[in-house]
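Taking it in order: structure first as structure tokens, then the write-up.
What follows draws every value from the coordinates through simple rules; no lab data is involved. Predicted, not measured: the structure shown is a model, and the values here were computed from it. So basically every Cβ, Gly included, is an ideal-geometry build from the backbone, and we count neighbours across all protein chains shown.
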Amino acid sequence: MKEVMSSLMDKQDRLTTENTELKLRLVECEKVSAINQGLKEEIQEIKKQNDVLKATCQDYENSLRSLQGKVQDGIVDREEGGLGENKLKELLNEWKQEQEGEKVKFSEVVKRQIKEDTIVAVIQIIK
């Protein structure tokens, strides 16, 4: 009888320990789940920002095509006494520098926004 009681007590202790471990594991899983949800939201925000960047890139490409057309027109004009090739190259370089400056500014704004959103998400998850 004592052996049965001892065996039952040992089993109860093991089950209690296992239950405690499972509760701790559940808490960890809930934390990971909250972090995962925060990351999913951040990914959605990044996708939105990526769409904005794609649209901006498309605008740049359209501007470049337009400029290439103007350059071609300028070559024809030059042949007819219009702008010279050096002047066209100078105008093209100026335009490229302006576009690069705009890209850098836009990129910095997007990076700053992503960083701020990440900080907010982490703070919310920690709470």
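How much FRET efficiency would the formula 1/(1 + (r/R0)^6) give for Q37 and E108, where r is the Cβ-Cβ distance and R0 is 30 Å, rounded to 0.05? That gives a FRET efficiency of 0.60. Once C-alpha pairs closer than 8 Å and six or more residues apart are averaged by separation and normalised to the residue number of the stretch 2-126, the relative contact order reads 35 percent. Rounded to the nearest 20 debye, the dipole magnitude of the chain is 540 debye, with +1 charges on Lys and Arg beta carbons, -1 on Asp and Glu beta carbons, and the Cα centre as origin. Rg over Rh for the stretch 2-126 works out to 1.53, using Cα positions for both radii and the Kirkwood form for Rh. Here the sum of -39500 (n - 2.57) over DSSP H runs of 4 or more residues, divided by the residues of the chain, equals -35500 deg cm²/dmol at 222 nm, to the nearest 500. Extension gain, T16-V122: 0.36 nm per intervening residue step, less the Cα-Cα distance, totals 34.8 nm. Projecting the Cα atoms of L91, I114, A34 onto the dipole axis of the chain, where Lys and Arg carry +1 and Asp and Glu carry -1 at the beta carbon, places A34 farthest toward the positive end.
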